[in-house]
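Novice: First, the structure itself, so that you have it in front of you.
The values are calculated or read from the model by the stated rules, or taken from the named source; none is laboratory data. These numbers come from a predicted model, not from an experiment. Virtual Cβ from ideal backbone geometry, glycine too; neighbours counted across all protein chains shown.
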């Protein structure tokens, strides 16, 4: 999250920032290479379980908002309208967000990087290719 805040022109409001990687989105893709957007009118629904809401605040926070309960809902609603509504087969919004959490939980990117001598605060930047290759080896797949 800190790097997101450093490179974005808008100042991050969340304090403290999460210390682990967070989700920014789960975007469907297709063969045209143009990501579909805003596909259905299915409305975003608030989460029925407070545990899901807590996991979302930890894993998919709106870094541009203070860490106050409920403030990330606008961000999640925008992500649902723009991307989640395009998932196939169509789902309710909660299922879309649970899938994103499941995918994040499958892979601990921070531990992979730390185990390969990527340490936050190092004065030298890391090459994108080195990060890419490290993650590829660890997961046995090529990230896209």
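Novice: Going through 61, 36 one at a time, which residue ends up being within 23 Å of residue 102 (Cβ to Cβ), assigned to a loop (DSSP other than H, G, I, E, B) and at pLDDT 85 or above?
Specialist: On the way: 36 fails: at pLDDT 85 or above.
So the residue among 61, 36 that is within 23 Å of residue 102 (Cβ to Cβ), assigned to a loop (DSSP other than H, G, I, E, B) and at pLDDT 85 or above is 61.
Novice: When residues of region 96-129 are filtered for being surrounded by fewer than 13 Cβ atoms within 10 Å (Cβ to Cβ) and part of a helix (DSSP H, G or I), how many remain?
Specialist: Qualifying residue count, region 96-129: 9.
Novice: May I ask you to verify whether residue 52 is within 16 Å of residue 101 (Cα to Cα) and in a helix (DSSP H, G or I)?
Specialist: Working: within 16 Å of residue 101 (Cα to Cα): yes; in a helix (DSSP H, G or I): yes.
The answer is yes for residue 52.
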